[in-house]
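Below is one structure. I have some questions about it.
The values are calculated or read from the model by the stated rules, or taken from the named source; none is laboratory data. Keep in mind the model is a prediction, meaning the values are calculated, not measured. Cβ atoms come from the backbone with ideal geometry, glycine included; neighbour counts cover every protein chain shown.
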Amino acid sequence: MLFVLSGSRLMYVGLSFQPLDTETFIQLHEEAFRYLRGIIKESIYDQTKLLVIDEQYRELNLNQRFHRCATSAGYCIHACVGYGPVSKGKVEAGIKNVKQDALYGGSFADKVVVCATCTTGLRPPPMLAYTAPLNAPPWQQHFDTDERAQLRPRLMPDSLLRKPPATDTRRAAKTGLITWKANKYSIPMP
């Protein structure tokens, strides 16, 4: 996943070496906020199934687990129009750069080498009384003077980062019975 701040274009590349699920999606967000040392006010997403379960006339049915984490952390979720690359150009350009400049044609010994290739390993400087050096790149100056002040402290409770207990959905047969571990159980009729 790629996280891009809108003004300075400061990027964080979040890597996962397994298929993304909701837990990994939340963990990558937490890593990005830790890297930035703050939480944004709003975030715009592609219409990934990890976020948008369904859309009807721009009415979105969101992944409730992720929505709960975002709401608790204090930022708003917005989704791009489906199949609308114009609305997500900042991220698309960054993905292209990561794929073409960092990963394309490379062979990597292990996950550590891939991570080192995609990231500089540098964190933004501390928030306290920092002024960018005169020779800092323009994005760094913009981040330090404008965007850093708009980031809010990370206050994500650990309970939201933990995976909830597993639940299993069952469909009742016409007889009013459900099957679980090869046993049949009756359920109350509505």
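Might you let me know whether the stretch 15-23 holds any residue that is surrounded by 15 or more Cβ atoms within 10 Å (Cβ to Cβ), touching a His at 6+ places or on another chain (Cβ under 9 Å) and of a type in the set (S, T, N, Q)?
No.
Within the stretch 48-61, is there a residue that is under 19 Å from I95 (Cβ atoms) and assigned to a strand (DSSP E or B)?
Keep residues of the stretch 48-61 that are under 19 Å from I95 (Cβ atoms), which gives 48-52.
Next, from what is left, pick out any that are assigned to a strand (DSSP E or B): 52.
Yes: one or more hits.
Moving on. Only one of (1) at pLDDT 75 or above; (2) surrounded by 10 or more Cβ atoms within 10 Å (Cβ to Cβ); (3) not aromatic (F, W, Y) fails for P138. Which number is that?
Only one criterion in (1) at pLDDT 75 or above; (2) surrounded by 10 or more Cβ atoms within 10 Å (Cβ to Cβ); (3) not aromatic (F, W, Y) is unmet by P138, namely (1).
Considering L62, L28, which residue is within 23 Å of A166 (Cβ to Cβ), in contact with a Ser or Thr (Cβ under 8 Å, 6 or more places away or on another chain) and either exposed (fewer than 14 other Cβ atoms within 10 Å of the Cβ) or free of Cβ contacts under 8 Å to residues at least 60 places away in the same chain (or both)? Spell out how you get there, then give the answer.
Working: L62 fails: in contact with a Ser or Thr (Cβ under 8 Å, 6 or more places away or on another chain).
Of the residues listed, the single one that is within 23 Å of A166 (Cβ to Cβ), in contact with a Ser or Thr (Cβ under 8 Å, 6 or more places away or on another chain) and either exposed (fewer than 14 other Cβ atoms within 10 Å of the Cβ) or free of Cβ contacts under 8 Å to residues at least 60 places away in the same chain (or both) is L28.
Determine, yes or no, whether V112 is at pLDDT 75 or above and either exposed (fewer than 10 other Cβ atoms within 10 Å of the Cβ) or in a helix (DSSP H, G or I) (or both). Please lay out each step first, then the result.
Values: at pLDDT 75 or above: yes; either exposed (fewer than 10 other Cβ atoms within 10 Å of the Cβ) or in a helix (DSSP H, G or I) (or both): yes.
The answer is yes for V112.
Quick check, is A173 outside any loop (DSSP other than H, G, I, E, B) and either surrounded by 10 or more Cβ atoms within 10 Å (Cβ to Cβ) or modelled with pLDDT of 75 or more (or both)?
Numbers: outside any loop (DSSP other than H, G, I, E, B): no; either surrounded by 10 or more Cβ atoms within 10 Å (Cβ to Cβ) or modelled with pLDDT of 75 or more (or both): yes.
Considered against the rule, which asks whether it is outside any loop (DSSP other than H, G, I, E, B) and either surrounded by 10 or more Cβ atoms within 10 Å (Cβ to Cβ) or modelled with pLDDT of 75 or more (or both), A173 comes out as no.
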